[in-house]
Amino acid sequence: MNRATWARSESGLDGWFGPYGGRYVPETLIAALDELREAYEDARRDPEFRSELERLLRGYAGRPTPLYPARRLGEDLGGVRVYLKREDLCHTGAHKINNTLGQALLARRMRKRRIIAETGAGQHGGAAATAAALFGFQCVVYMGERDMERQALNVVRMRLLGAEVRPVSAGSRTLKDATNEAIRDWVTHVRETHYIIGSVVGPDPYPRLVRDFQRVIGEEAREQILEAEGRPPDAVFACVGGGSNALGIFYGFLEDEDVALVGVEAAGEGLSTGRHAASLVAGRPGVLHGALTYLLQDGSGQVHPAHSISAGLDYPGVGPEHAWWKDSGFARYEAVTDEDALHAFADLSRLEGILPALEPAHALAQLRVEASRWVGRSVIVCLSGRGDKDVAEVASR
Amino acid sequence: MGALERTFGRLRAQSRRAFIPYVTAGHPRPALVSQVLAALADCGADVIELGIPFSDPLADGPIIQRASWTALQQGVSPAQVLMWVEDFARGRETPVVLFSYVNPILQYGPESFVRDAASAGAAGLLLTDLPVGADPNLESRLFHRDVDLVRLVAPTTPPERAEEIARAARGFLYYISRTGVTGPRPELAAGLRREVEALRAHTRVPVAVGFGISTSDQARLVAEVADGVVVGSAIVAALGDGGLEAAARVAREIRQGIDAARD
């Protein structure tokens with residue numbers, strides 16, 4: 001199967017992306033996943049749902065976001081025509097709001113008034129808290145203690161929005177453990193609660209539902225680049241933790257078989273140190289959080305803690321659709337170290353007056369690594385979030 | 001007929017209910033596993049659920065999470081657990097059901113795992129994150145004549161699905177008494193009797209009930225409606241806090257509670 005065929009198939013409708021995906025969850029959740037699957041199928045076909053979501057994205061989240069030609073960065077890279085898809089300009093500062101607004105609408109359709117979410121960097125937690133405030137839902141966000149320290153600003157923000165932030169002290173005290181805890185909450189309060197997963201991970205239907213809510217990034221970007229360049233770009237770069245901004249933007253170019261799609265994971269302190277978060281580049285298939293996908297794990301199937309300077313990429317799994325794309329060659333996956341991401345953060349700040357979040361700084365760093373390949377050509381980098389939340393972390397280095 | 005069915009058959013003939021304690025293998029210390037299993041058998045366990053620890057036990061509450069963590073810190077692996085089962089099965093008749101999550105078994109190799117589990121003498125396997133129908137291919141790779149794949153039914157399972165699960169059940173059917181993770185709860189869910197009776201109509205295998213049962217009173221109430229009572233966290237907590245003696249005391253109390261059940 002090639003990329004275009006995959007794009008045109010109703011991909012993932014049965015819950016599988018090639019051999020990946022599925023629903024490896026406790027029996028207690030099966031009914032809720034069925035309910036969500038049905039609610040989503042209904043919603044997809046309901047013009048009322050689509051227009052309400054569109055109104056929210058426009059009037060509330062600030063879409064469409066610009067596709068900005070970053071000329072000074074492009075010159076610095078030796079003459080690459082670089083375009084930044086400015087998801088950092090979305091309300092709440094990242095692409096996460098696209099998904100939380102969509103899922104909040106679904107929660108309302110299912111008459112669930114309690115929302116839970118996991119968060120790493122705090123961007124998804126903030127976006128979930130925002131949507132919950134807007135819809136008048138109760139909201140509980142699970143966050144690893146370690147992440148609460150390094151993303152203190154976002155913790156304050158979520159609380160101001162009326163969400164309860166529950167610290168998670170188990171395991172590595174990061175996104176993986178926050179996700180475990182959110183799933184445990186959901187198993188316990190499943191009848192009245194909707195779990196807003198923040199990325200293209202988890203059991204079916206989450207990976208395709210979150211992907212579909214993020215496809216707006218790629219749809220806009222394609223239209224915008226055609227306007228600016230008269231043709232699709234030569235490459236699209238996006239960071240991959242769970243991988244929602246990457247799938248969102250990649251989908252816009254899936255049928256353009258000549259566009260290189262480059263997903264960038266976190267190599268942390270270096271792949272050889274074992275302290276990284278590069279599940280696709282350096283992991284093996286396994287089951288975590290309800291899906292079969294690439295994982296960081298040891299020989300007996302225990303999941304390894306991930307490491308990344310970026311809390312949003314600090315996750316030992318990845319969306320199952322990326323696992324399938326890796327095997328199929330639909331996209332290329334690379335990994336970039338903490339250090340290179342920090343350089344890219346500094347470069348963009350100084351050259352363009354834009355502080356990127358540390359997550360998309362990885363995508364920018366990979367572009368620099370392979371810049372010579374793209375000289376005289378056009379590339380898009382998905383600037384998935386803004387860097388204000390990372391200022392303290394960067395300053396401490 | 002597998003070891004589980006034989007055990008439940010014998011109990012039924014005596015009008016007794018099964019006591020099914022759970023412990024995490026290697027908790028609190030790997031050196032104690034043989035003694036823990038022997039003590040549970042001595043305290044009247046009819047079936048023992050032995051947990052193979054997993055790093056991300058998302059169906060478990062804090063007590064079993066901590067026990068799993070402790071065991072993993074001491075290097076407990078699935079292969080090690082199978083050796084303990086083999087040692088135990090050499091001297092005892094009490095069937096052992098291995099309790100875990102999909103990933104450790106997947107990495108071991110599903111076919112090899114059930115083959116090795118069978119030769120170690122295990123009677124069953126229960127994977128909390130493998131609901132019926134989730135992965136038919138994996139389910140068939142886990143098939144073994146002597147190792148029953150024990151399936152769960154939850155309070156949220158719709159009736160038609162519960163029937164389907166019940167019809168395909170082997171060994172025994174595990175009914176989760178309430179929504180939530182493992183761990184003690186002060187009250188039993190209302191409607192338990194009705195739910196269990198509804199299940200019985202669709203299966204010939206026995207129905208055991210677990211999740212949240214921690215006292216002998218609760219055990220008695222559950223034993224009045226079910227064929228077996230699973231108690232995990234209460235025993236694991238006693239084992240962690242007070243050692244073998246404390247765990248044996250809890251196990252004996254639960255056993256008494258079960259035996260006090262009226263038909």
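The values are calculated or read from the model by the stated rules, or taken from the named source; none is laboratory data. Everything numeric in this text was worked out from a predicted model, so none of it was measured. In this analysis, Cβ positions are derived from the backbone assuming ideal geometry, glycine residues included, and neighbour counts consider all displayed protein chains. In case anyone asks, the SASA skips ligands and DNA or RNA and just uses the protein heavy atoms, side chains included. Shrake-Rupley method; radii C 1.70, N 1.55, O 1.52, S 1.80 Å.
Table for the structure above
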| item | result |
| --- | --- |
| Check: chain B dipole with +1 on Lys, Arg Cβ and -1 on Asp, Glu Cβ, in debye | 460 |
| R0 of 45 Å, Cβ-Cβ distance B:SER112-A:GLU164: FRET efficiency to nearest 0.05 | 0.50 |
| Computed lengthening from A:ASP42 to A:ARG373, 0.36 nm per intervening residue step minus Cα-Cα distance | 114.7 nm |
| Equivalent ellipsoid semi-axes, the stretch A:152-248, via Cα gyration tensor eigenvalues times 5, rooted, Å | 33, 16, 14 |
| Cα-based equivalent ellipsoid, the stretch B:43-116: semi-axes from gyration tensor eigenvalues, Å | 20, 17, 11 |
| Separation between Cα centres of the stretch A:310-363 and the stretch B:204-263, rounded to whole Å | 50 |
| Where A meets B: accessible area buried, both sides, 1.4 Å probe, Å² | 2700 |
| Rh by Kirkwood over Cα pairs, then Stokes-Einstein D for chain B at 1.306 mPa s and 10 °C, µm²/s | 88 |
| At least 30 Å along the helix axis (C-alpha) and Kyte average at least -1.0, DSSP helices within chain A | A:206-229 |
| Span per principal axis, largest first, for the Cα atoms of the stretch A:242-397 (Å) | 46, 42, 25 |
| Mean projected area in nm² (Cα convex hull; one quarter of hull surface) for the stretch B:95-175 | 5.0 |
| Cβ-Cβ FRET estimate between A:ALA346 and A:ALA133, R0 fixed at 25 Å, reported to 0.05 | 0.15 |
| Helix runs (DSSP H) in chain B reaching 24 Å along axis by Cα, Kyte-Doolittle at least 0.0 | B:233-259 |
| D_trans [Stokes-Einstein, Kirkwood Rh over alpha-carbon pairs] for the stretch A:265-308, 25 °C, 0.890 mPa s, µm² s⁻¹ | 236 |
| Kirkwood Rh, Cα atoms: Rg over Rh of the stretch A:1-139 | 1.04 |
| Accessible area expressed per residue, the stretch B:3-259, with surrounding protein chains retained (probe 1.4 Å, Å²) | 37 |
| Sites B:GLN74 and A:ALA152 - FRET efficiency at Förster radius 25 Å, r taken between beta-carbons, to 0.05 | 0.10 |
| Beta bridges by DSSP in the protein assembly as shown, antiparallel share as percent, to the nearest 5 | 20 |
| Value of Rg to Rh for the stretch B:138-184 (Rh from inverse mean 1/r over Cα pairs, i.e. Kirkwood) | 1.02 |
| The stretch B:1-147: C-alpha pair distances exceeding 22 Å, % | 38 |
| The stretch B:116-216: proportion of alpha-carbon pairs further apart than 24 angstrom, % | 25 |
| Per-residue [θ]222 nm for chain B (sum of -39500 (n - 2.57) over DSSP H runs n ≥ 4, rounded to 500) | -14500 deg cm²/dmol |
| Chain A, relative contact order in percent, only Cα pairs under 8 angstrom and at least six apart counted | 21 |
| Of A:LYS96/A:LYS176; A:LYS85/A:LYS112; A:LYS96/A:LYS389, pairs whose Cα-Cα distance is over 23 Å | A:LYS85/A:LYS112 |
| The protein assembly as shown: radius of gyration over Cα atoms, expressed as a fraction of 2.2 N^0.38 Å | 1.00 |
| Cα lying deepest toward the dipole's positive end in chain B, options B:SER100, B:ALA248, B:ALA226, charges on Cβ | B:ALA226 |
| Selected from A:LEU84, A:GLY18, A:VAL240, residue furthest toward positive end of dipole (chain A; charges at beta carbon) | A:LEU84 |
